[in-house]
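Enquirer: Structure incoming, see below.
The numbers here are math on the coordinates, done by the rules we state, and not lab data. Note that this is a predicted model, so its numbers are computed, not measured. Don't worry about glycine lacking a Cβ; one is built from the backbone with ideal geometry, like all the others, and counts go over all protein chains shown.
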Amino acid sequence: MSAEIVQLVEQAGPYLTAAVGAYGATVLTRAQDAAADATVTLGQRMLQAVWRGRDETGQAELQRAVDEAADEQNDTFTAMTLGRLLRRALQDDAELRTELSAMLPAPASGSVTITASGERSISAQHIGTAITGDGHTAPRP
């Protein structure tokens, strides 16, 4: 698999996960809501682009994957499921790669985007110790 596809899937992942998390299985057919969060809207647009480029069998596969990810209600599982599906869709479709790449915001020079989602989630570019559970004490230096 090309590095371009891997990078595109990594960049698109948070948007797809947010869209499925917000809209569930209706993400593929839901009309765009003007008040929707930009991240959710972008993820929805990306999934709909993948949907449009697939035949009936591919659309059924996408629908099953989205249904499964929405039912699971686990961001890690959703990201894995959608990432796998997106990698397969992008592998043989250069036009879709171009379309999705154009949708993604250009990364600012030198900036890093880090996303955390879910109960007790944390995100950091660099971190020493992070404890999110109950009843833990910080390790001693």
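Enquirer: Rounded to the nearest 20 debye, what is the charge dipole size of the range 3-103 about its Cα centre when +1 sits on each Lys and Arg Cβ and -1 on each Asp and Glu Cβ?
Expert: Details: 9 positive and 16 negative charges, 21 e Å.
My answer is approximately 100 debye.
Enquirer: As an exercise, use a Förster radius of 41 Å and the Cβ-Cβ distance of T132 and R54 to find the FRET efficiency, rounded to the nearest 0.05.
Expert: E between T132 and R54, to the nearest 0.05, is 0.60.
Enquirer: Ok, one more. Once you treat every alpha carbon in the range 3-103 as an equal point and sum by Debye, what is log10 I(q)/I(0) at q = 0.19 Å⁻¹?
Expert: Debye output, listed in q order: -0.85.
Enquirer: Order 63-71, 8-16, 48-56 from most to least packed using the mean count of other Cβ atoms within 10 Å.
Expert: 8-16, 63-71, 48-56
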